[in-house]
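What follows draws every value from the coordinates through simple rules; no lab data is involved. Everything numeric in this text was worked out from a predicted model, so none of it was measured. Please note: Cβ atoms are built from the backbone with ideal geometry, for glycine as well, and neighbour counts cover all protein chains shown.
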Ligand code: UTP
């Protein structure tokens with residue numbers, strides 16, 4: 001196997017405006033919306049940590065306070081729970097601060113995902129890094145990120161996660177042109193396009209919110225003009241890297257993901273996620289699932 005630099009850092013962009021989830025996201029980042037009883041972004045940090053990435057840089061925006069507070073200690077609250085002897089809640093309150101070493105950088109203006117990633121340049125330096133979107137959840141049983149890191153170790157360059165979506169949904173995603181490799185779940189990405197009209201989509205393999213990125217992306221992003229929606233698009237920078245050799249920071253491979261993924265920044269997907277997670281929770285399911293069955297019967 002080639003000797004590529006290992007991946008040790010994760011970048012979590014969480015500075016988007018979250019307009020699809022207004023008005024809830026007027027003063028609260030969408031990444032802080034609870035999935036049952038934990039904010040979405042905590043599941044994302046847990047995923048990074050369980051893939052061995054214990055250095056996590058959050059790219060935050062105007063309303064960063066609640067994210068920082070959530071991943072910090074909360075001494076007053078801890079004292080109260082300690083005095084009550086409530087060990088269970090105490091460990092739940094302490095857990096976020098113990099998952100990883102958290103760092104923060106601010107994206108002054110939400111100029112797009114590519115621009116958010118560029119804000120990580122100084123922290124990441126000249127090493128490959130993982131990027132996990134703070135509102136995109138991958139079921140912990142599906143271990144996508146570990147596989148992507150493995151693929152980066154084998155091929156170098158960058159690795160994106162691709163998921164097959166119904167044709168009518170391609171215009172909501174970045175979409176890849178792909179070529180098979182010898183491995184069933186790995187493809188070579190030869191081209192990428194952000195949110196194409198259905199008729200122009202090269203495939204129905206859509207980019208989802210997990211990336212392992214070569215540091216060459218920073219120089220490319222610095223030279224990437226605003227694209228679709230006037231934003232600096234990560235997809236456009238990865239498209240440039242897809243055409244490069246290993247020595248220049250390319251190529252780009254895709255891991256074909258067939259597991260469970262939830263876009264919690266979308267209202268309908270958010271609702272599905274909360275229901276699914278609740279139905280999976282041993283402490284809630286015994287009451288919640290029968291109630292849900294009854295409710296569905298009632299509404300026909
Ligand atoms: P989205 O594409 O979901 O954009 O961002 P958004 O602006 O947050 O949401 P809507 O479409 O208006 O509802 C994908 C990820 O990239 C981050 C977001 O926080 C989210 O985790 N992002 C996006 C940034 O950090 N900065 C940006 O400028 C844009």
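Taking label positions 7 Å along the Cα-Cβ direction at both residue 84 and residue 298, the computed distance is 2.9 nm, reported to one decimal. Put in line by how crowded their Cβ is, counting other Cβ atoms within 10 Å and starting with the fewest, 160, 208 read 208, 160. Summed over qualifying helices (DSSP H, 4 residues or more, each -39500 (n - 2.57)) and divided by its residue number, the chain shows a 222 nm mean residue ellipticity of -10000 deg cm²/dmol.
Distance distribution note for the stretch 52-209: the fraction of Cα pairs above 27 angstrom is 40%. Cβ crowding within 10 Å, taken as a proxy for footprinting-reagent exposure, orders 211, 104, 270 from fewest neighbours to most as 104, 270, 211. On the principal axes of its alpha carbon atoms, the stretch 136-178 extends 34, 26, 13 Å, with the longest extent given first. Report, as a whole number in µm² per second, the diffusion coefficient that Stokes-Einstein gives for the stretch 188-253 at 4 °C and 1.567 mPa s using the Kirkwood radius over alpha carbon pairs. It diffuses with D of about 103 µm²/s by this estimate.
Suppose a student asked you for the relative contact order of the chain, using Cα pairs under 8 Å spaced at least 6 residues apart; what percent would you report? Before the final figure, lay out the partial values.
On the way: 585 pairs, mean separation 65.5, N = 300.
Once divided by the residue count of the chain, the mean separation gives 22 percent.
By other beta-carbon atoms within 10 Å, ranking 94, 261, 293 with the fewest at the front produces 293, 94, 261. Here the Kirkwood formula puts the hydrodynamic radius of the stretch 213-283 at 15.1 Å, using every distinct Cα pair. For the stretch 201-239 versus the stretch 76-151, the spacing of their alpha-carbon centroids is 21 Å.
Placing a label point 7 Å from the Cα of residue 260 along the Cα-to-Cβ line, the residues of the stretch 5-45 whose backbone N sits under 15 Å from it are 35-37, 43-44. Each principal axis of the Cα cloud of the chain was taken in turn, and the coordinate range along them, longest first, works out to 60, 48, 39 Å. Please determine, in degrees from 0 to 90 and to the nearest 10, the orientation of helix 87-98 with respect to the longest principal axis defined by the Cα atoms of the chain, where the helix direction is its Cα long axis. Compared with the principal axis, the helix lies near 20 degrees. Say a paramagnetic label sat at a point 7 Å from the Cα of residue 46, along Cα to Cβ; which residues of the stretch 262-290 have their backbone N under 12 Å from it? Counting backbone N atoms under 12 Å from the label point, the list is 277-278, 280-282. Taking the C-alpha atoms only, the angle from helix 285-299 to the longest principal axis of the chain is near 80 degrees.
Once the C-beta distance of residue 26 and residue 181 is scaled by a Förster radius of 51 Å, the resulting FRET efficiency is 0.70 to the nearest 0.05. Taking R0 as 45 Å, what's the FRET efficiency between residue 38 and residue 246 from their Cβ-Cβ distance, rounded to 0.05? The value I calculate is 0.70. Seen against the Cα atoms of the chain and their longest principal axis, helix 267-279 is set at about 60 degrees.
The C-alpha atoms of the stretch 163-300 occupy a region whose extents along the principal axes are 58, 34, 28 Å, arranged from largest to smallest. Quick one: plug the Kirkwood hydrodynamic radius of the stretch 138-241 (C-alpha pairs) into Stokes-Einstein at 4 °C, 1.567 mPa s, and report D in µm²/s. Translational diffusion coefficient: 90 µm²/s.
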